[in-house]
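Please read the structure below before turning to the comments.
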Amino acid sequence: MAQSDAEDVVEHLAVDGFEVLDIRRTLLGRLRFRAQRGDILREVVLNPSTGVILRDYVTRRRLPDERDGDRGGQRARGNPPSGPRDRPTSTGGHPPEPGGRPSGLAQ
C-alpha cells in the first residue's frame, strides 16, 4: 500500500531533521505543514487533490536581541531607520548610480 502525499511530506520533513508543529487545512482545502529545526521554520503547502507541493518556504527565526536590542523585534516609535537597507527606495532596493539612473535598469 502506497503512502499518501501528506504522509510523504511528514516523512521527508522528519528525514531533514524537522519536527512537525502542526498540519492545517487552508481555506482553499490545501494542507499546510509547519515544521521547526532549531531556529529554522519551514512551511510546506500541499494540494491534496494533485499531490503537488505549492510552497516550500524556509525562514530563520530572529531572536529579539539580534539588531533590535531588547525591543523584541520592533523598532521604537519615532526612531529613524538605522541603516540604508531599512530605508524604502523607489529603485527596487538599488541606490541610484551617478547621473540619476537606478542601477539594474536599461538605459
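May I ask you to verify whether R24 is outside any loop (DSSP other than H, G, I, E, B) and at pLDDT 95 or above?
yes
Would you be able to say whether some residue in the stretch 47-54 is in contact with an Asp or Glu (Cβ under 7 Å, 6 or more places away or on another chain) and either closer than 14 Å to E7 by Cα or not in a loop (DSSP other than H, G, I, E, B) (or both)? Working first, answer last.
Going through the stretch 47-54, the residues in contact with an Asp or Glu (Cβ under 7 Å, 6 or more places away or on another chain) turn out to be 48, 51.
Filter again for either closer than 14 Å to E7 by Cα or not in a loop (DSSP other than H, G, I, E, B) (or both), leaving 48, 51.
Looking through the stretch 47-54, at least one residue is in contact with an Asp or Glu (Cβ under 7 Å, 6 or more places away or on another chain) and either closer than 14 Å to E7 by Cα or not in a loop (DSSP other than H, G, I, E, B) (or both).
Quickly run through the stretch 13-52 and pick out the residues that are loosely packed, with under 15 Cβ neighbours inside 10 Å, touching a residue at least 12 places away in the same chain (Cβ under 8 Å) and hydrophobic (A, V, I, L, M, F, W, C).
Across the stretch 13-52, the qualifying residues are L21, I40.
The values are calculated or read from the model by the stated rules, or taken from the named source; none is laboratory data. On a predicted model such as this, the values are computed, not experimentally measured, just so you know. Note that each Cβ is placed from the backbone with ideal geometry, even for glycine, and that neighbours are counted across all protein chains shown.
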